[in-house]
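This report concerns only the one structure given below.
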Amino acid sequence: MPLDSKERYIQNFIDISEGKYQYYGVNISEFNIKDLEKFCHLLGKDTPVIIGTRDSIGILKHCVGRNWDKHIINFNHEFNLSHDFRDYIRHITHKDMELNIDFKDLENSFTSTKILPFFRNITPVDCEEILPHNALETMERLATKFNFNPPKNKTYFQNYEFKGYLRYILPLVLYANEKDPIFSLEKSVEETPLDRENSFVFIINVNTEPNEDHKNIFKELSQDPISKNLGVYVKKEDLKRIDKEFYAKIKAYLSEFIAEIIRVTKEAEEKILKEKDVLAYLKKHKDISLQFKQMCDEELKYFKQNHPDLVNSWHYYKEFEKLCESFKEK
């Protein structure tokens, strides 16, 4: 979307006016938009607003504890059986980094003061409410409140949006052709050009309920619980046409690839910063803690006044408040 408020408003107006969908929502997730205040004013003070929120220490962890450079890496999402899939594995391997808090960058994540003053019909949705065990129920509740159809695809809500760095390589499309040599970790081969027209197509993507024409074969490749997040889809008609011996070779290639995805994703989940790590860092850096507390005091005004139970449920933020009190006492 354009980063100019006038252009964005025009684009939103055109999209809504086309009437393609029964329900519409205007998403505001960037805050470096020119004249954002004017854009919010034009939306109208009584427009229903759903705002996602979270324990402030959790937001801080998310901002400073991940390799955010991964989302800007460009690579080819299409490959064949000769491709060395470690090329993709490198993209989702976590790199250790020094914790650094840039308050200017944080302004794009602590945003309620930029948005909420323009509206009065506000519904906060806490991150806890959209975790896999709560997400479907939350969406059904919001559907009742805002009069849209409740979701039908229950599988989609079992996914974690941020599972390691998986989201930055998906979807991937394998073109499987019998003429191609097959790469393995034990045997490198010369990579051959893609032949899209004469190949069977396998799509690696987030786990969702496939359409009637496709089958998810992930559990033929691995029994790992990551199947809740990841699927491998192929046309049912193609499964009938693939030679059994060739299909076994395709599955062997994909099984090895999936095993590597699982390995580095688990490593990333272990190494990515946790809330307790952020608190340990803040405990050692008084000035940064007090500056962050000042930012949170502004950010959380609306929530403390209107949803105190929500703020009181944030375990790590309450620990952070105690830490700041101890700094003041000293």
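The values are calculated or read from the model by the stated rules, or taken from the named source; none is laboratory data. Just so it is clear, the model here is predicted, and its values are computed rather than measured. Cβ: placed from backbone, ideal geometry, glycine included. Neighbour counts: every protein chain shown. In case anyone asks, the SASA skips ligands and DNA or RNA and just uses the protein heavy atoms, side chains included. Shrake-Rupley method; radii C 1.70, N 1.55, O 1.52, S 1.80 Å.
Rounded to the nearest Hz, the phi-derived 3J(HN,Hα) couplings of the stretch 249-263 under the Karplus curve 6.51 cos²θ - 1.76 cosθ + 1.60 (θ = phi - 60°) are 5, 4, 5, 5, 4, 5, 4, 5, 4, 4, 4, 5, 4, 4, 4, where x marks glycine and proline.
Calculated accessible area for the stretch 171-330 comes out at 60 Å² per residue, all protein chains present (probe 1.4 Å; ligands, DNA, RNA ignored).
Working from Cα pairs under 8 Å separated by at least six residues, relative contact order for the chain is 22 percent.
Kindly flag which residue pairs out of 70/293; 6/114; 152/271 have an alpha-carbon separation exceeding 23 Å in this structure.
Check vs 23 Å cut-off fails for 70/293; 152/271.
When a 1.4 Å probe is rolled over the protein heavy atoms, the share of accessible surface on the stretch 126-193 that falls to carbon and sulfur comes to 51 percent. Rounded to the nearest 5, the antiparallel percentage of DSSP beta bridges internal to the chain is 60%.
Quick one: pull the percentage of alpha-carbon pairs in the chain with a separation above 36 Å.
On the way: 18552 of 54285 pairs.
That tail contains 34 percent of the Cα-Cα pairs.
Spin-label model, residue 130/residue 246: points 7 Å from Cα along the beta carbon direction are separated by 4.3 nm. In this structure, the amide hydrogen of residue 53, modeled 1.01 Å from its nitrogen in the peptide plane, lies closer than 5 angstrom to those of 125, 126, 127, counting only residues at least 5 positions away or on a different chain. Looking at the stretch 70-119, the accessible area is 53 square angstrom per residue; that uses a 1.4 Å probe and ignores ligands, DNA and RNA. State the Cα centre-to-centre distance between the stretch 188-250 and the stretch 1-80 in whole Å. The stretch 188-250 and the stretch 1-80 have Cα centres spaced 33 Å from each other. If the segment from residue 160 to residue 283 were pulled out straight at 0.36 nm per residue, it would be longer than the present Cα-Cα gap by 41.3 nm. Net charge dipole, the stretch 248-327: roughly 220 debye, given to the nearest 20, about the Cα centre with Cβ charges of +1 for Lys and Arg and -1 for Asp and Glu. Report in % the part of the accessible area of the stretch 1-43 that belongs to carbon and sulfur, leaving out ligands and nucleic acids; probe 1.4 Å. So the carbon and sulfur contribution to the accessible surface is 53 percent. Amide H to amide H distances under 5 Å link residue 192 with 82, where only residues 5 or more positions off or on other chains count and H is placed in the peptide plane.
For the chain, the Cβ-based charge dipole about the Cα centre amounts to some 740 debye (Lys, Arg positive; Asp, Glu negative; other atoms uncharged).
Each semi-axis of the equivalent ellipsoid for the stretch 213-330 is √(5λ) with λ an eigenvalue of the Cα gyration tensor; in descending order they amount to 51, 18, 9 Å. Working note: 222 nm ellipticity from helices only, DSSP H runs with n ≥ 4, each -39,500 (n - 2.57), summed and divided by the residues of the chain, gives -12500 deg cm²/dmol to the nearest 500.
Compared with the alpha-carbon gap, the fully stretched path from residue 143 to residue 71 is longer by 22.8 nm at 0.36 nm per residue.
Candidate cross-link partners of residue 236 among the lysines, defined by an alpha-carbon separation under 17 Å and a same-chain spacing of 8 or more, comprise 215, 219, 244, 251. Hey, if you drop one equal point scatterer on each alpha-carbon of the stretch 21-112 and run the Debye formula without solvent, what base-10 log of I(q)/I(0) do you get at q = 0.10, 0.12, 0.17 Å⁻¹? Evaluating at q = 0.10, 0.12, 0.17 Å⁻¹ gives log10 I(q)/I(0) of -0.48, -0.66, -0.98. Largest accessible area first, the listed residues 279, 290, 42 line up as 42, 290, 279 when surface is computed with a 1.4 Å probe on the assembled protein chains. Karplus-based coupling profile of the stretch 5-13, in residue order and whole Hz: 4, 5, 5, 5, 4, 4, 5, 4, 4, with θ = phi - 60° in 6.51 cos²θ - 1.76 cosθ + 1.60 and x standing for Gly or Pro.
What you get for the stretch 61-169, charging only the Cβ of Lys and Arg (+1) and of Asp and Glu (-1), is a dipole of about 280 debye around the Cα centre. Length gained on full extension, residue 24 to residue 98, computed as 0.36 nm times the residue gap minus the Cα-Cα distance: 22.5 nm.
Structure remark: mean-square fluctuation, Gaussian network model of the chain, C-alpha springs under 10 Å; the largest value among 212, 270, 137 belongs to 212. The residue among 112, 44, 99 whose Cα reaches farthest toward the positive pole of the charge dipole of the stretch 1-148, with charges on the beta-carbon of Lys, Arg, Asp and Glu, is 44. In the full protein context, the stretch 1-68 carries 61 Å² of accessible surface per residue, based on a 1.4 Å probe and ignoring ligands, DNA and RNA. Residues within the reach of a label modelled at residue 205 (point 7 angstrom out along Cα to beta-carbon, backbone nitrogen below 11 Å), restricted to the stretch 147-172, are 171-172.
3J(HN,Hα) along the stretch 48-60, derived from phi through the Karplus expression 6.51 cos²θ - 1.76 cosθ + 1.60 where θ = phi - 60°, amounts to x, 10, 9, 10, x, 9, 5, 3, 4, 5, x, 5, 4 Hz, with x in place of Gly and Pro.
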